[in-house]
Structures are given as structure tokens and as C-alpha cells.
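This report concerns only the one structure given below.
Each reported figure results from applying straightforward, stated rules to the coordinates on display, with no laboratory input. Please read these numbers as outputs of a predicted model, since none were measured by experiment. When we count neighbours, we look across all protein chains shown, and the Cβ atoms used for this are built from the backbone with ideal geometry, even at glycine.
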């Protein structure tokens, strides 16, 4: 039975899709200068994130604002979301950690400071760290992710430190909405609350964005989608930041669990569904390059996007390590050159499979298909082992990457980490809206549960290339007439 | 006159560089205020700087032991919910 096809191990970790949506279109209009800046940056290039790794160093604990989705008290090693770290580092410890990771993961090209507070609310610690890294590894790209409040006053220093990529979290242009997201900001030696505080934050963010783009620094804008608060408004945000020269817009879903102790968690503010997120991303995509491969990683994450090898590089472990800088540099250069070569082969450039083999029929519905994979762009993971699924949209136009769905949904603590029934329930919830899930193998219990939930389990395409398998299954389901017409998800996207 | 940092401090470093009197120092299990140096920012700023940026309710108290950021003052979470959680 095909269901029992043995799995073979591929590369592990990271996003495994060979294509993430419109990356080739996204890259094609870029100047050579910008292309050089993003080709190996996993957070700025969808293509790059299949190959290159990043790390965040948690040197910036202080923050100068309060966001309703953040709680500075929470710290769990099993949890994955921005603002969470296990170990706060001093700059010299951070530099040593970067050396350790550079040696162990030569495809690590990017070091960012993203918290757990705001890097620019900790300028001494952040810039000391950057100087230390640049000294031993000038090839590493440096970036920061900031709330923007202190951005204008630090643009000069960012430029001087060769920080080429800055992410600003911009959730609104409107102080009324802002007051619903930010209870206060610290500005000019005072805590300023409500609309007045939000107004200052918005002004500084927009000013900082303009100053950065005027200097040619690449800016990505992150927005947290909060249903009923800023969801509709984010379309206007997308247009505005594009007009001001931002390179990429990343709309992320709110993460809110009561266990996190955040305002939104405790007040039971709901997170958007995967479908709502996708619709908003698609609506914004008419105006702006959208990022869809974000994993909302921790402020101390290490590795490819979608994996976290932070536990291999704890302070205790790196303390005794010795480094041969010359050997590390040579190895990094060789590995990265090989990856660049591989990426430039035509195979890697293919992003959409034209479904020439699809039988033309009028108004064939689009369908979301989930895939379990361990990497290598093939379907090679057991359903029960998948902690995330890649989701593709199949339609008459082809197959495109839509995003990822996690089965652990940001882990809510050991009480909720029971195996078995609970895990299956979470996996099925994560697959809501999908018409099928393709995996290497699957047990009979989840098979039946998926069928009962209206999701077709499929292990007939084990070890096949993802896009081709998705296309084949879509065609088979269309032919069998099992795709309802009510699943026009994302059908309006060009 | 001196403020005090108490056990709910999460060691986020936000206050330390802001102190005009250099009275705040890293310690275990949490940051502390040197009472001999602290002026509560009297004559320097309208409000004590440490308490103006501190993100944790009740982590900084005044000379009388009163929280400078009482429960419910920083997050807008209704007091009843906070008390129920505590």
C-alpha cells in the first residue's frame, strides 16, 4: 500500500519549498545593486531562505514602548515567537556566539538584533555588538528590527555601521488605532499614553522610514494583523510604506494566548485565521512586494527559517570553544559560493509550475493543498512527524506557495503538549481550509480523522517533487469532481 | 528619598542607563537602586526616570513602599482580571 512507502531522509529543517510564490517576479525588476543585497538574505528573499541561515543575538533587553501583543515577563524555551529569549547576552558574548555559529553553519549570512526589547532602545549594546562582528566577519550582513520610535536619531549610526537592512514594525498610520495597540511610549523622559503616545510613535516610524530609504538602506515593514483593530487599515499601510520606498511588506498574524500574559491574550483578542491572513496579504500584494515565508522567530533564533538550533549554542557550550578565523572564513566562502552557484542554475529559478497538463475547464476552483516535507523540495515526511506544513494554492494558473501552517501553534506550555489525540486535533485545525494533505506516510487513525474533516490524505506521491505532486493531485481531484466551487481562495491574485 | 526595585523586576536594563544619578546597578536576582545616590530625579525630571520606562507594574516602589506603576496602570488589563490571575 502506498501509504506505507518507507520515508527517506532529506535535508532537515528550514523551509523546504522550492518556490515561495512570486519570488522570480519579485526579483526580476530589482536593480543589480539591490539584488546583491538580498540574494543571500533569508528574510528579504524568498529564494534565499531555502538556502541561507540567519541568527538573532539577544543583546537588546530594554524597550521604549509597550505593545498589546507583548509581555516582557514571559520566557519559555519551548516557545517560539518574537520577543522571547532564553539567555540575554552581553555584546562580547554575542560576538563569540556569532563566531561559533559562523563556524558550525557556514551558510549563515545574516546576523540581526531583534530584541527581546528594541535594539535602538539599547544603542550601546547593539552597536558594540555590530562592531565586534564586523571586525572578524565583515562578510556577514547586519540588520536590526525596530519599533521605530528611536529610529530617526540612529539612522546616521546605522549607516556608519554598514547596516544594510532594517525592519520597522508599523501596525498603523492612525493614532486612534495606534492607541488600541500601544498603551504607552517613552519619549523625551516621559511615559506618554494613549493617542498622544501613538502619534509620536507613528511620526517617528514614518520619518525613520523616509530617512533610511533616502540613504539606500533596504527597509522591510512588519505589520501585526489584529482582527477588528488594524486589519482593513493595513492595506493603506502597505500603500503608504511602498510610496515611501519600503522594499517588502510582511503582514504577520497576531499571536495571542492567555498563557502568554499579554493584553491581547488575556482579553481574548482573536488571531486571524490562515484564510483571513492570506486574503489580506493578497489584497496588499497589488501594491507591494509581500513576504509570505516569515516564521515569526524568537529574538535568539539560529539556523534556517523554520528551524531553531539555538540550543546548540548556549553560553555554557560556546564558553570553551576556540576558533580558527582563517579556516572559518575560507569554509564560509566556499560553502556560500557553492550555494550561489546552485541557486543560479535554471532549476532553482523555476517558481511556478505551469499546469499545461491541466484539463481546461471554466471557473475551476482554486484549492489549498498542504505538504509534509523535511526538505529537498520533495514530499518526504510522515504526517505525524510534521511540526509545520507548507501550503500551496493550486489553480488553473499553476501552483504557488502561500505560507506555512504550524501544528504546535506557538506551544502553549507543557500542560498542552500531550501527544496523540491532542496533537492530531491541532494538526487538523492547522489544516483548516486545505482540500488535501500530501505526506510520505500516514497512520490509519489520522487518515480517517482527516477524511472526516473533509481533507483528503494522500501518500501516493511520496518522494515526488512538491509542485508536480500538488499539480497532479489537484488535477485528479478536479477530474473526480471532489473540489467544491466555494474555495476561491486567493483566486483574484494575478 | 529613594525609590526601590523589588522582586518583580525582570532585569530588562531599560532603567539603568536613564538614571541621572547613576544609582541603578545590576545585581542578582534583580537590579537594585543605591539609596544613597537616588534622588527620585527631584529637580531633574518631572517623574523618576526608572519608573517612567519600567514595563513591569509594581516593580519600582517609592520611599513609602507604594508602587509607582500600580497594578493595571501599564497594560490596560482590567484590575479584576489581573487580580483573578494573581
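Okay, here's what the table says:
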item	result
Estimated FRET transfer efficiency (residue A:124, residue A:319; beta-carbon r; R0 22 Å; 0.05)	0.40
Of B:72, B:63, B:43, the one that fluctuates the most in a GNM where chain B has Cα springs shorter than 10 Å	B:43
10 Å Cβ neighbours from other chains, averaged over peptide A:114-123	2
Estimated inter-spin distance, residue A:334 and residue A:160, nm [label 7 Å along Cα→Cβ]	3.9
Neighbouring partner chain Cβ atoms per residue of A:256-266, average, 10 Å criterion	2
Residue B:76 versus residue A:135: modelled label distance in nm, points set 7 Å from Cα along the beta carbon direction	4.4
Spacing of the two label points (7 Å from each Cα toward its C-beta) at residue A:452 and residue A:259, in nm	2.4
The stretch A:23-319: relative contact order in percent, alpha carbon pairs under 8 Å with at least 6 residues between	22
Global geometry of the stretch A:23-319, whether rounded, prolate or oblate, following the gyration tensor of its Cα atoms and the 1.5 cut on a/c	rounded
Per-residue mean of C-beta atoms belonging to partner chains within 10 Å, peptide A:183-193	5
Förster-model FRET efficiency, 51 Å R0, residue A:312 and residue B:2, C-beta, rounded to 0.05	0.70
Overall dimensions of chain B as given by Cα atoms, namely Rg and Dmax in Å	12.9, 39
Packing-based ranking, highest mean first, of A:302-308, A:192-198 given that Cβ atoms within 10 Å are counted	A:302-308, A:192-198
For the stretch A:179-297: rounded, prolate or oblate by the Cα gyration tensor [a/c cutoff 1.5]	oblate
Contact order relative to length of chain B, as percent, for alpha carbon pairs under 8 angstrom and 6 or more apart	30
Extension gain, residue A:326 back to residue A:196 (0.36 nm per residue minus Cα-Cα distance, nm)	41.5 nm
Most to least packed among A:467-477, A:226-236 [average Cβ atoms within 10 Å]	A:467-477, A:226-236
Overall form of the stretch A:156-228 per C-alpha gyration tensor (a/c, 1.5; a/b vs b/c)	oblate
